[in-house]
Structure formats: C-alpha cells, structure tokens
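The values are calculated or read from the model by the stated rules, or taken from the named source; none is laboratory data. These numbers were taken from a predicted model, which means no experiment stands behind them. Backbone-built Cβ (ideal geometry, glycine too); neighbour counts: all protein chains shown.
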2 protein chains.
Amino acid sequence: MSLTDLLLGRPLATREEGAERIGPAAGIPIFGLDALSSAAYGPEAALTLLIPLGLAGVGYIVPITASIIALLAIVYLSYCQTIDAYPGGGGAYTVAHQNLGSFAGLLAAAALMIDYILVVAVGISAGVGALVSALPRWQPHTLALCLVILVLVTLVNLRGVRDTGLIFLVPTYLFVGCLFVAIAAGFAKAATSAGHPVPVVAPPHAMAQATVGASAWLLLKVFSSGCTAMTGVEAVSNGAKAFREPTAKNARRSLTVIIALLIVLLAGVACLVRAYGILATDPGAPGYESVLSMLVAAVAGKGTFYYVTIASVLIVLALSANTAFADFPRLCRAIASDHYLPDSFVTRGRRLIYSQGVYVLAVFSGVLLTFFGGITDRLIPLFAIGAFLAFTLSQAGMVFHWRRVGGPGARRSMLFNGLGATATAITVGVVLVAKFAEGAWITLLLIPSLVVLMTTVKRHYRRVGAEIASAEPLDPVEMRAPIVVVPVDGWSEVTRHGLRVALSVSSEVIGLHVGSGKQTDELQTKWRKLVEEPMLDLGLTGPRLAVVKSPYRFVINPIVKYVLYLERTNPRRQIAVMIPEMVERHWFLQFLHNQRGSVLKALLYLKGNQRIIVINAPWYLKS
Amino acid sequence: MSLTDLLLGRPLATREEGAERIGPAAGIPIFGLDALSSAAYGPEAALTLLIPLGLAGVGYIVPITASIIALLAIVYLSYCQTIDAYPGGGGAYTVAHQNLGSFAGLLAAAALMIDYILVVAVGISAGVGALVSALPRWQPHTLALCLVILVLVTLVNLRGVRDTGLIFLVPTYLFVGCLFVAIAAGFAKAATSAGHPVPVVAPPHAMAQATVGASAWLLLKVFSSGCTAMTGVEAVSNGAKAFREPTAKNARRSLTVIIALLIVLLAGVACLVRAYGILATDPGAPGYESVLSMLVAAVAGKGTFYYVTIASVLIVLALSANTAFADFPRLCRAIASDHYLPDSFVTRGRRLIYSQGVYVLAVFSGVLLTFFGGITDRLIPLFAIGAFLAFTLSQAGMVFHWRRVGGPGARRSMLFNGLGATATAITVGVVLVAKFAEGAWITLLLIPSLVVLMTTVKRHYRRVGAEIASAEPLDPVEMRAPIVVVPVDGWSEVTRHGLRVALSVSSEVIGLHVGSGKQTDELQTKWRKLVEEPMLDLGLTGPRLAVVKSPYRFVINPIVKYVLYLERTNPRRQIAVMIPEMVERHWFLQFLHNQRGSVLKALLYLKGNQRIIVINAPWYLKS
C-alpha cells in the first residue's frame, strides 16, 4: 500500500454510486446537520452584538429569536412546496435557472458558491471557538487550529466520502441530545427557582456594564446576525432525490422534524440565556468563551457532560464544513456543465471526486479564515447574504413555476412561495443595510464579480467553439514523418529507450546534447560506437548527434532555441521533441525527476507553433 | 503585455549576470542589511524576557548587550579570516564541506536552510510588529499583514531581482541614519538631564511591577534571545566574490563598517532603554508596541520623524526577508548540484530564477508565520540555533583549512578561527538549553531530519543512476511504428490536426470516441464522409473510429482501459496516445482547457508501462 493510497485511498473504479435510497429518519442527520449546527453560532452571533448593552441587553434575545423563528416557519412552508415540485432535487441554481432565466440562475449560483465557502469558514471557526472555550490555553492558536481542521477536512474529501450516513448519525443525535438535556435541565431549574436559577459555573461578567442604550438600528443588526442560524435549511430540498418512495413525502417529513428540532434549540437557548443572564464574551480576545459553553457550564457544571457536549459541537460543526465540501464541487460541476466555469470542474480525479472544486473551496475558505483570524464573529457579516439571496431566488422561481404549471393547488402554492420570497428578500435587504460596513460589502462585491466571471468564461468557450468548428474533410496529403529531436544528457537505458521510440516514429532522428568538455567528448565517442555503428551494420545512416554549447550550463533554453531553429529552416515539416522521462512507481518519488521535461514542454508550447509536437516516452524505474 | 509579464516580468534571455563588481561602500547596504536589521528585533527579544522583572529588569539589558557585543567582536575577527581564505565566497556549506567532510557540510546546509526560513518569518513578523506599533488598530490583523507581505516578497522574487543595489541603499542608510539620530538625540537629552531624560511620549508601563526576581537562568535566556541580533553577519563572507579587486580587502572593509554600525546600534539602544526605563510590552496582545517604537517616541515624540523611522524599520526588515529569498534558492541549488536535493532545485524558471527554492521558502516561512500567529517573540526561540551552528561549523572548518594550508600567518589565523568556533559553539549550547522548551527543540528536531532527508535523496539518485547506467549499444531492430490512438470528442479543427499528426507518425491510427446516442451517430457519419472517404480516394484504408460507451459520462477512464486493452492484445507493439491540446496564447486562459489531457497522461503513466507513449499535438487558438 503506497503513501497516496494511505492518505487519499486507492483509486476507485467507476461503478454506480449510492444505489440505496434513504428514509426520513436517516435523512435527518444527513440533511439536517447543516441547519442544526447553525444553532451553535446563530444565537451567539446575535448575543455578541448585545455586549455593549450589558446585562440589560440579554433580555432582547427572546423577541429577536421569536422573529427569527417566525421567518424560519415561512421558509419551511416555502421549501415544502419546492420539494413537491422538484422531488428530483431543487437546488436554487436549478430552480432559478429554469424559471427565471439564466441570469437569475447565475446570481443564485454565485450566491450559493460564496455561501458554501462561508459555511466552511464559519463551521470550522465556530467549532474551534467551542474547543478553545473548553481549553482556554489553546486560545492563542485559534487560527492555526482552524487551518489544521481545514486541511484534515480537505484531505478526507479528496479521499472521497462514501457511506456518510453513520458518520453523520452519531454526532448529530449526540449534539441535539446533549443540548436538549441541557435545555430541559435548565428549564427545570428555572421553574423550581421562580425563573432565577443559580448557575453551577457562573458565566464571566467582565463587561456587564452597559456602554450604550438599545436602538432600533442595533436590534436590526442583532436580527441580521441571528439569521445565520437559518443557513442550511435548503439541504433537504436540494437532495430530495436521495429519499426512497414516496420521495416527496419522506423528504417533507425529514424537513419537518429538522425545522422542529431547530426551533426548539433556538427557543431553548434564548430563554435560558435570559434566565441565567449569560453575556457573550469578546471574541478573539483572551478569556473568550462561547455562549453554548457558558450555558452548558451554568446548567450542568464543567464535568463529563460538559466536555461531551462541547466535543459534539466541535464534531457537528466540522461535519457541517464537510457537507459544503460534498456540495460545492457538485454545484461547480453543474455550472461548468453549462460552460460557465472551466471544464476542469467536470473532470473527476483519482477518487471519482471533482477535485478542482475541493481545491477551490479549501483555498478560498483558508484565505477567509486567515484574513479574519479564525474568529467566527468577524465572518458573520459576510454570511447569510448568500444564503438568503439563494432562498429568495429559489422561492421567486417557484412562484413562476406554479404560474407556468397551473392546476388545482397552484394558487395556494404560489401564495406560500410568494410569502417566502418576500420575507427572505426583505431579510436580504435588512442584512445588507445593517451589516454593510462590517463586511456585507465584500459579499455584495463578490457576487456580481462572480456572475461577470462566469459569463466571461461562457463567452470564451463560445468563441473557442466557433474557432475550432470545422466541416472540412481530413486532408491526407503531405504527411511526412516528423524530424525527431532527442535531448541526450549521457548514454543510459533511458536514452537508449528514447532513441528506439524515436526511430520507430521517423527515420530522421537527431540526438541533441547540450554541453562541452570531457563529458561531451566521451558521449561523442560512445555515440559513434553504440549508435552509428550498429545502424551502419544494418545499412542505415544513423541518427547524428548535434552538440550545442552552453556557457552557463543551462540546458532547457538551448534545446528550445535549437528546435525553433530547426522549425524555421524546415518549413512545412513537423518537428517532434522526444522527452524521455523516468517514471517512479511511487508518486512521492516522482518529484525527484522530470521537472525539466515539464518546463521544456511548457516553453515549447509558449514559443512554438502547430508544427512542433512533444512525445513523452516513459521509462519505468524498477525500484 | 500579458498579465504574467506584468506580474512576473517578461522571460529573461540567458545572458551574463552581474558583470559589475561592487566597492566597499555599495557592499554595506547589500550585505549589511541583514545584520543591521537584526538590531530591530534582537534587543526587543531580550527585553521581552525581562518583563517579569518589572522596571528593575531594564538595567540588566546593558551588561547583557555588552556580552553580546563581545561575542560579535570574536565572530567578526573569525570572518575576516574566512574572507582572506575564501575570496571567492566562503559560505558555511562550502567551508564545512571542503574542510570537515560531507556530513559536516550537510549539517551546515540544514542549519542554514532553517536559518533562512526563520530570517524570512522573523523579518516579516518584526516588520509588521513595527507597523502595528505605529497603527495600533491594525494589531488584530497581524498575521494577515505578515502573509500579505510574504506573498508580495515572493512575487517580487519570482520576477527575479536585478539591480538591487539602489533598492537596498536608500532604506538601509535611512534606517541606520534615523536610529543614529534618535540615539544621538537621546544621549544628548540624557546628558543634559543628569541621566534621567523626560520622555516626549511616555512608554506604557502596564506591567511595571516585578513578579519574579532575577536569576542566572533567566539572564541566560535573555542572552540567548538577544543573540538573534547577530544573525546575518556571515553575508559578506558568503558573497565576497561580488567585491571588486582587491576583493578580500574591500570585503573586509565592508564587514568592518557593518559590524561597527551594528555595535553602535546595539549599545545605543541598550543604554537609552535603561535611561528612559522602557519596558517591553506583551507581544501579540492588544496594546503591543515595539521597543524601537517606544524608544523613538520617547526621544522624539510621535511626529514625522517617528513615522519615517518606523517606515524604514518595516522596509529594512521586509528587505532582509528578501535577501533570504535571494540566498536560499542558491544554497538549495548548490546542495542539489551535489544530488542531496531534487534536481528541480537546479532548474531555472522563466525569469532565470531557481523557482523551486522560492516556492519552498515561501511555503515553509508561511507555515511558521501561521503557526506562531505572526508574533516575532514566539519565533525567536527557534532562531539563532541554525545561525550559530552554521557559524560554528564554518569557523571549525577554517581551523582545519589553516592547518592544511600552513604558511606564515596560519597559527594566528587558526587561533582566531578557533576562538570563534569555540565561542559560537558554546552559544549554540547555551541557546539550546535555555530555549529548549520554548521551541528550540523544533530546530533541534528539524536539522537532523533534514540531514537524513538529504542523504536519502542522494542514495536514491545513486541507485537510480546505477539502474539506468548502460553500455549496451542501440539495438535498431523490431522498431515498428506505434499504433496511435486519437481520442475524438467531435469533429473539429483540433481533431483534424491531431489526426494528421497521428497519420504522419504511423499508418495504424484509431480514432477513439467515448459516448453514445445521437451525438455519437452523427460523429460516425461524419467520420465516414470526412475521414474514410478522402483516404479511400488516395487508395488508403482510413483510420477507423472505435466507439466505447460510458454510462456515467466519464471520459478518461474508458480511454485508459481501451489503451491498456490494446497494449495487452498487441504484445511487442508500442501504443501511442495522441492528446490533441488547445493552446491559448495567454497562460491565464490555459487553465480553461487541457486538464483532461494532463489527467489522462498521469493515469496512463500510473497504470501503463514502457510500451505506452504519449504524444502532445498542440493546436494554437488565434484569439
């Protein structure tokens, strides 16, 4: 077993993927993880903004959470409609593209791509936030921890994830279970203490003094940040086709349970935060502790239960980043199939994974994490816009869908989806205005840039398509064999093999040696004895050895020059450059060789033309 | 002008480099920058460790600086000897390798490589430290700023730096000039106020209370950290051959001035820190301010002079990172020429730069910066060991050199170099012990790992060399033209060109189409009309079109399978796979195409053998 295999898994054969369909129970962890894990950072994002209000601010969390839950209910009804209409999977890109045209589709695509990148960044940073809450001395290494987890998740996804069901099942139910136990215990204590429970571990109140008063503007910002708790609810509708028959009904059941669980989590956290008077702590500063950490510690103390809960939070958030790694490359592939993104997003790598998408997602989320220091709170203003814009476009698309389809329930369905579209569109506006200066402008800038990029790519492909289109027949005259140039460093098995291949392709072969001095003289003697004489014995004039001097011991440039010279002096002929390459059986040894061949090929392509071709003759090392 | 050209500069022709030699005055900024810039972090590194002693600790900086200056004087005398003996350039790798054998050479090489990586990381982080001292609100973005500067320096070095003299001249003299003015002004104020000058801007004294007493152990650690001020003094001796005749004399003059300037800087800073009672601030925490920043502000206030000085500190430190980018790839090249590192370190890129070395340096220093959060103080314990180990090996090598050479002054020279070797060896030991737990263990682990890696690489090359060695003559029988497989997506100019090239190489050509349905049927019709019929007109049987179905629309795997099948069923024949590639005239468009060709080639190499070759036929797009 080689190191690649160990790290990335053996190459997978192309066989049918995911033949089994799932039921509603299995659908909850698989498609609900993303939405449910949002409960780990949504309420905290809202509470962080209430810090300046001191203890008085904590009370506002309950009405704000109530309005978020109301919005969530509307979105839920909307998505039930989408599932009915698109049981084969109704992602925002598909729905917007089909019903509102290609521009809306691209807008949704751009919004979703940015959303996925943020899901990864926020998921990981919030997970690390939980970790450093439990282990405060790791707090200075927040960013490094984020990047380590990102690399791990990326590697796992380059391996390709198959049976993910079970991996998702345990931590999701553990997460929900732990939080439910904590919420229930907290409510019980609150009930028995007339609403004023005594915390087991008191939350830190370093900043309990109010420095400003509440304002409508501040509450708008709190609502905007809290809305991040709703990201991920579209997952069921996107992946509906994974459910077994009756598909739509099973998917709707899953969605219902997921939304119900999320509502209980959000409402429970909000009420207990008020009951225990938990203030958010300054994110990124020493002494930071996440709201969930303080909440669980206040209810149950910092014992085993606390550490199990925090571990489940970390795992669930890391897995939610993982779902983005599963979905983002598929989305890119769908867009690239329509030629709005480079073809390479459609090419599968060695593990049947759209590797390009994985790389892009990893790099961009890594950049985001680095620039915002791995602090969730700084990433939040960028988030939510993409998600809510996609909600809006998807729901608006559904309205047009129902109008087109018509039929009995169409008016009612249009009403629900219209309500959803309106509510989420208003939210997009609110978030944009409230969070503009804090970072929403970045998202607002990126989305149109992406749309422009995608249309440019499409236009380029169209132009290239027109340029290479041909109805001309093959013109099979004047097809002389090429002049083959074989760069020769010294006499070896590799050179010998390369020369044989060259002679099999053409009778005009030139060995090309760059160098001077004793080594070159030796090679010339060998060439006469080992190459030209055996050829003469067969009555053939052998390949000659051309020698080029290079005062600074550069090798590649003189070869390129010689080839270009041959090309100029032999018009109408093809010039083939044979690159004899050593191939190691282990990929990690490969980087010890061959760079010269790649540089030579790149330079020839850069300076050459259609009459210069490159032949790679591999020579396999046994070791 | 293309985007690459703008970013990386046009490809350079291979012409003589750096014909002009420099005099001692030009040598000071070019070779002194590294050593002089150390004054920006060395004293601070020592003072940071004195924080727990409170104001009482500041007094210790003077005797400790005195001992560092004494060590510096010994090293200076040693290096004057090295310059005399190696006027052609006496880097530690060369000197140790030639005089102490290959193992010592590798040890020096490993120490130097790690040292260069740390020069980059520490230079950039200390520069950013200066920046956030002047602009405190950028302090939370320390790491991001470090990484941005790293990327900029990397890009500049991928461009290749030519006339660097002037770029170095201005900021180096500005830096030295500003600090000299500040030191002179400080001394004048101290003299007129009986040693107790009143600071213009009082340094922050948040932690002025002593929490521990002074101990020998603590002072040893302070000395170890302060020794980082000596890094970079070997530059003149390494690059001696750049000086004009009399080379050795000019180089020694430059070194003398550089060391004198450095001593004045270190002594001046130490005395003024005590006079003004400047305490270091907690690095990485909000409110951090560098010692130089506090010093200049105390002497001259935060006016124009302050900002000019801080700007010169930032630039000089960034440039010192830049010198590592110039030296590290050259060192790697020297090691790779002896086959201890992969050949690719010897290959020059498009700008005559050893690009591989630049990448490696950028990646490793980026990783270091990330893991230590861009905080100089956390990097310091790793530093100095590599530099002092290289000093030691180089000086020890010189002792053996003199013993071998003999002659009149040899005994005296041996004495100086022996003194240098002993003093630096003791320092290595002191630094290792004092800083072991804080991070020196990382360096201690890395150096032998690197040595092992390099010997492994060498052994591998030796084995490969033995495997491919050949004295066999070319065996020019049984060289039939290969069977050429041309993957065909549809009929286009690219396909047409590819087929013509294939037919010029062999008469046995097979078009291979992966697909099914209407598109495939159309292609088959076209093939008969556009390929087979024109061939028949010439009395030739045309290349046939093989069609392979692929249920999941994968293209690459079916091609690989087909080629492997051909290879099995045609023993003793070569199979050539023709990859018709579109080449864009602009590199940044290239990524829109061609990935499939690269993946196909990689898979064929992975699963193939010597009888499978790859032919790349470029087709140039006009646009």
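Looking only at region A:265-312, which residues are more than 29 Å from B:Pro286 (Cα to Cα) and under 29 Å from the mean Cα position of the chain (by Cα)?
Scanning region A:265-312 gives A:Leu265, A:Leu266, A:Val308, A:Thr309, A:Ala311, A:Ser312.
Report, by residue number, each residue of region A:57-84 that is crowded, with 21+ Cβ neighbours inside 10 Å and small (Gly, Ala, Ser).
Passing the criteria: A:Gly57, A:Ser78.
Suppose we filter region B:261-278 for residues that are outside any helix (DSSP H, G or I) and buried (at least 23 other Cβ atoms within 10 Å of the Cβ); how many remain?
The total comes to 1.
Looking at (1) without any contact (Cβ under 8 Å) to a residue 40 or more places away in the chain; (2) touching a His at 6+ places or on another chain (Cβ under 9 Å); (3) of a type outside the set (Asp, Glu), which one does B:Ala216 not meet, given that it meets all the others?
So the condition that B:Ala216 fails would be (2).
Starting from region A:596-623, take each residue that is more than 7 Å from every other protein chain (Cβ to nearest Cβ) and list its partners that are among the polar types (S, T, N, Q) and part of a helix (DSSP H, G or I), counting only C-beta distances under 6 angstrom and pairs at least six apart or across chains.
none
With the requirement that a residue be modelled with pLDDT of 90 or more and over 11 Å from B:Ala182 (Cβ atoms), what does region B:298-307 give you?
Matches in region B:298-307: B:Thr304, B:Tyr307.
Among (1) modelled with pLDDT under 90; (2) under 28 Å from B:Pro543 (Cβ atoms); (3) more than 8 Å from chain B (Cβ to nearest Cβ), which single condition is A:Gly515 missing?
(2)
Among the numbered criteria (1) in a helix (DSSP H, G or I); (2) at pLDDT 90 or above, which single criterion is violated by A:Tyr340?
(1) is the only condition that A:Tyr340 fails.
Tell me, please, whether a residue that is crowded, with 24+ Cβ neighbours inside 10 Å, over 23 Å from B:Tyr41 (Cβ atoms) and either out of contact with any Ser or Thr (no Cβ under 9 Å at 6 or more places or on another chain) or touching a residue at least 40 places away in the same chain (Cβ under 8 Å) (or both) can be found in region B:94-104.
Yes: one or more hits.
Pairs only if they're at least six apart or on different chains, beta carbon under 8 angstrom, first in region B:442-466 and within 20 Å of B:Leu382 (Cα to Cα), second of a type outside the set (A, V, I, L, M); list them, first residue then second.
Sorted first by the residue in region B:442-466, then by its partner, the pairs are B:Thr443/B:Gly386; B:Leu444/B:Phe436; B:Ile447/B:Gly386; B:Val451/B:Phe103.
From (1) part of a helix (DSSP H, G or I); (2) in contact with a helix residue (DSSP H, G or I) (Cβ under 6 Å, 6 or more places away or on another chain); (3) not hydrophobic (A, V, I, L, M, F, W, C), pick out the condition that doesn't hold for A:Lys458.
It is condition (2) that A:Lys458 fails.
Output the residues belonging to region B:379-435 that are over 16 Å from B:Gln81 (Cα atoms) and assigned to a loop (DSSP other than H, G, I, E, B).
Hits for region B:379-435 are B:Phe383, B:Ala384.
Looking only at region B:452-501, filter to residues that are of a type in the set (S, T, N, Q) and at the interface with chain A (Cβ under 10 Å from one of its Cβ atoms); which one of those is farthest from A:Thr495 (Cα to Cα)?
Result: B:Ser492.
Do you know which residues across region A:522-569 are polar (S, T, N, Q) and in contact (Cβ under 8 Å) with a residue 24 or more places away in the chain?
Within region A:522-569, A:Ser550, A:Asn557 qualify.
If you check every pair at least six apart or on different chains, which have Cβ atoms under 9 Å apart with a residue in region A:121-144 that is under 12 Å from A:Ala318 (Cα atoms) first and a residue that is of a type in the set (Lys, Arg) and assigned to a helix (DSSP H, G or I) second?
A:Ser125/A:Arg378
Is one or more of the residues making up region B:187-200 closer than 22 Å to B:Ile64 by Cα, modelled with pLDDT of 80 or more and part of a helix (DSSP H, G or I)?
Looking for residues that are closer than 22 Å to B:Ile64 by Cα, modelled with pLDDT of 80 or more and part of a helix (DSSP H, G or I), one finds at least one in region B:187-200, hence yes.
If I filter region A:316-333 for residues that are within 14 Å of another protein chain (Cβ to nearest Cβ) and more than 16 Å from A:Leu158 (Cβ to Cβ), do I get at least one hit?
The answer is no, given that none of the residues of region A:316-333 is within 14 Å of another protein chain (Cβ to nearest Cβ) and more than 16 Å from A:Leu158 (Cβ to Cβ).
With respect to the numbered conditions (1) within 14 Å of chain B (Cβ to nearest Cβ); (2) small (Gly, Ala, Ser); (3) in a helix (DSSP H, G or I); (4) within 22 Å of A:Met230 (Cα to Cα), which one is the sole condition not fulfilled by A:Gly357?
Condition (4) is where A:Gly357 drops out.
Looking at A:Leu143, A:Leu179, A:Leu155, A:Leu150, which one is modelled with pLDDT of 90 or more, farther than 20 Å from A:Val308 by Cα and not basic (Lys, Arg)?
Selected residue: A:Leu150, the only one of A:Leu143, A:Leu179, A:Leu155, A:Leu150 that is modelled with pLDDT of 90 or more, farther than 20 Å from A:Val308 by Cα and not basic (Lys, Arg).
Please specify each residue of region A:294-310 satisfying the condition of being in contact (Cβ under 8 Å) with a residue 60 or more places away in the chain and closer than 20 Å to A:Val170 by Cβ.
Listed by number, the residues that qualify are A:Val296, A:Phe305, A:Tyr306, A:Tyr307, A:Val308, A:Thr309, A:Ile310.
Hey, can you tell me all the residues within region A:555-572 that are over 41 Å from the mean Cα position of the chain (by Cα) and modelled with pLDDT under 90?
A:Pro558, A:Pro571, A:Arg572
Of everything in region B:72-87 that's under 13 Å from B:Leu419 (Cα atoms) and either among the small types (Gly, Ala, Ser) or not in a helix (DSSP H, G or I) (or both), which residue is farthest from the chain's Cα centre (by Cα)?
Ranking the qualifying residues of region B:72-87, first place goes to B:Ala73.
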